[in-house]
Amino acid sequence: MIQDFLKAGYPALCILTQEPSRAEEFLPCEGVQFYAWDCIRGIRPAKRPQTVEEIRDPVEAINWLNSHQDSVLIAHNLHLFTDIPEVIQAIQNGVTKWKSIGSCLVMISPVIQMRPELEKIFTVIDLELPDEESLFHIQMELAKTVKVEPNPESVRAARGLTEFEAETAFALSLVKTGRFSSKVIGEAKAQMIRKSGLMEFWQPADIADVGGLDTLKTFIQNRSKAFLPQNGHLPKPKGILLVGIPGTGKSLSCKATASILGWPLIRLDIGGLKNSLVGESERRMRQATSVIDAFGESVVWIDETEKAFAGSKSSGETDAGTTASMFGHFLCWMQETTTRALIMATANDISKLPPEFMRAGRFDALFFVDLPSLAERKEIIGIMNRKYGTEIPLEYAEKLQGFTGAEIEQLAKDSLFDGLDAAMEAIVPLSRTMREEIQNLRDWARTRARFANSPDEEITEQRKIRSIGGAEAS
Ligand SMILES: Nc1ncnc2c1ncn2[C@@H]1O[C@H](COP(=O)(O)OP(=O)(O)OP(=O)(O)O)[C@@H](O)[C@H]1O
Ligand SMILES: [Mg+2]
């Protein structure tokens, strides 16, 4: 894996991995002497436990490499010492020498924590997670000891786990069920999302809890066919972008998509990935996408996309570079990934979305989610009556013109305390305060987006809303 880098004379590499011992197993190649250093065991030949040099001090260890030709020193956890001036200096002094004698310092680290002094010296390489074949091998080894049949499906389910995690998950499955169960492995994998700290699991919503939005629902249902085993030939949808008025059920629809597909729902909070350390945000973004790739089938929900990627186009912002490169990576990943993951993104303010995001072909569809029509409001009232045990008559929908789903929900909740009419009085719908923004959004959507709401209803509704506007009504 690092052979090419060594041949090309790279004097310092940083291997990013959570699996230091696997890295040590994996790295050694022909023609070069591999040594490993850590601050407890000193220097020893790689993959062997016996210490050959009692050098525990990181500076001495780095200097040791100066006198060893065609050698690689795998330094475990050296990143923890890179705040020490002597360590920085020893590396800076060493690189030219190492280059001239064909040696290389390889830092093994789970994070990129590069001081600016060292940033240009190290080349960062990701250690790939174990592939299906290695996972199968791990399972075979375990299976032999207990005489249980290996299960290829559970091996597939384990993709994305580290060697250690896979081994323990397989063992746990044996203890719990007496066999290799994909379900137990799946639970262990859920840990992976949690532990990454980059994403969260969310409870999918029932499709029956989404009122209206029939065109959107039909679209998702139709596209979900591409993921059926017999439809391998169909192009796989990559993502759907929902734009629209606050409280109209965009987030809810994303959550319901997971139950349409029967996949887990993972929420990716891009703002939460940002970090002030140089290069760290980009790394976290890359890590998040590789965890998704490793995790496999899932609906990836990105809420309020415009906020996440705000700043990626305005050069005035200090983090513009960071956001832009996170954004670039994300788009690139979305294009290239072969993982069966569906991106469900939402946005309120399209003017803040970078134009590249909206370019044709990026998303399978761009939907505009409007205020609910009369029929849709009736459906939503029905849903809220079920949810809160209220008895709002369906005819009440007539009075709720301009109310969003979220406002109808608020009304249902308030009515339990204040009575229906008083609750109605108290709510000022957004459509009244944001009339102009909503109209702009609609004008924008007319030529650029599909309407998530049923089309015929939408037109009548639009006319009604305009007439609320009075003077500017057409
Ligand atoms: N079409 C709908 N059917 C049923 N419930 C709805 C609908 N629209 C909104 N709601 C209710 O309102 C709540 C808020 O809606 P949601 O969070 O999906 O809105 P949103 O469009 O994502 O808004 P924002 O743009 O502010 O994020 C939902 O959890 C749901 O209870
Ligand atoms: Mg939302």
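Is it fair to say F327 is at pLDDT below 85 and among the hydrophobic types (A, V, I, L, M, F, W, C)? No. Among the residues of the stretch 202-216, not a single one is more than 30 Å from F403 (Cβ to Cβ) and either surrounded by 19 or more Cβ atoms within 10 Å (Cβ to Cβ) or basic (K, R) (or both). Highlighted here would be helices (runs of 4 or more DSSP H) found entirely within the stretch 99-165 that include at least 3 residues which are modelled with pLDDT of 90 or more and of a type in the set (F, W, Y), but there are none.
Can you name every one of the helices (runs of 4 or more DSSP H) wholly within the stretch 371-471 that holds 1 or more residues which are at pLDDT below 95 and surrounded by fewer than 12 Cβ atoms within 10 Å (Cβ to Cβ)?
Working: elements: 374-388, 405-418, 420-426, 430-433, 435-448, 455-468.
By residue number, 420-426, 430-433, 435-448, 455-468.
Of all residues in the stretch 225-235, at least one satisfies being modelled with pLDDT of 90 or more, of a type in the set (G, A, S) and either over 14 Å from I343 (Cα atoms) or surrounded by fewer than 16 Cβ atoms within 10 Å (Cβ to Cβ) (or both). Criterion first (without any contact (Cβ under 8 Å) to a residue 24 or more places away in the chain, surrounded by fewer than 16 Cβ atoms within 10 Å (Cβ to Cβ) and either under 22 Å from L16 (Cβ atoms) or in contact with a helix residue (DSSP H, G or I) (Cβ under 7 Å, 6 or more places away or on another chain) (or both)) does E53 satisfy it? Yes. If you go through the stretch 257-272 and keep only what is more than 16 Å from ligand 1 (Cβ to nearest atom) and closer than 23 Å to I380 by Cα, you end up with just L261.
Tell me, yes or no, whether the stretch 187-203 has at least one residue that is farther than 27 Å from V300 by Cβ, out of contact with any strand residue (DSSP E or B) (no Cβ under 8 Å at 6 or more places or on another chain) and among the acidic types (D, E). Steps first, answer last, please.
Applying the first criterion (farther than 27 Å from V300 by Cβ) to the stretch 187-203 yields none.
No: the stretch 187-203 contains no residue that is farther than 27 Å from V300 by Cβ, out of contact with any strand residue (DSSP E or B) (no Cβ under 8 Å at 6 or more places or on another chain) and among the acidic types (D, E).
Condition (residue is over 19 Å from A375 (Cα atoms) and charged (D, E, K, R)) applied to the stretch 401-417: is it met by at least one residue? Yes. Figure legend. Inter-residue proximity from the stretch 249-278: first residues within 26 Å of Q410 (Cα to Cα) and assigned by TED's automatic domain parsing to the domain that holds G296, second residues part of a helix (DSSP H, G or I) and away from ligand 1 (no atom under 15 Å from the Cβ), beta-carbon distance below 9 Å, spacing 6+ or different chains. Indicated pairs: T257/S224. Scoring T177 on the criteria (1) surrounded by fewer than 16 Cβ atoms within 10 Å (Cβ to Cβ); (2) hydroxyl-bearing (S, T, Y); (3) closer than 18 Å to F295 by Cβ leaves a single failure, condition (3). Looking at L441, L400, just one residue is over 36 Å from the mean Cα position of the chain (by Cα), outside the structural domain of K250 (by TED's automatic domain parsing) and under 15 Å from I245 (Cβ atoms), and that residue is L400. For the stretch 343-353, filtered to residues that are touching a Ser or Thr at 6+ places or on another chain (Cβ under 7 Å) and among the aliphatic types (A, V, I, L, M), the residue that is nearest to ligand 1 (Cβ to nearest atom) is A347.
Please give the helices (runs of 4 or more DSSP H) falling wholly within the stretch 195-275 in which 1 or more residues are of a type in the set (G, A, S) and away from ligand 2 (no atom under 16 Å from the Cβ).
Values: elements: 214-224, 250-261, 270-273.
By residue number, 214-224, 250-261.
Filtering the stretch 239-256 to residues that are away from ligand 1 (no atom under 12 Å from the Cβ) and either surrounded by 24 or more Cβ atoms within 10 Å (Cβ to Cβ) or among the hydroxyl-bearing types (S, T, Y) (or both) leaves I240, L241.
Any residue at all in the stretch 286-297 that is within 15 Å of ligand 2 (Cβ to nearest atom), farther than 30 Å from S373 by Cα and among the hydrophobic types (A, V, I, L, M, F, W, C)? Checked the stretch 286-297: no residue is within 15 Å of ligand 2 (Cβ to nearest atom), farther than 30 Å from S373 by Cα and among the hydrophobic types (A, V, I, L, M, F, W, C).
When the stretch 215-238 is filtered for residues that are away from ligand 1 (no atom under 16 Å from the Cβ) and without any contact (Cβ under 8 Å) to a residue 12 or more places away in the chain, the ones remaining, listed by number, are N222, K225, A226, L228, P229, Q230, N231, G232, H233, L234, P235.
The values are calculated or read from the model by the stated rules, or taken from the named source; none is laboratory data. This structure is a prediction, so every number in the text was calculated from the model and none was measured. Cβ coordinates were reconstructed from backbone atoms using ideal geometry, including for glycine residues, and neighbour counts include every protein chain displayed.
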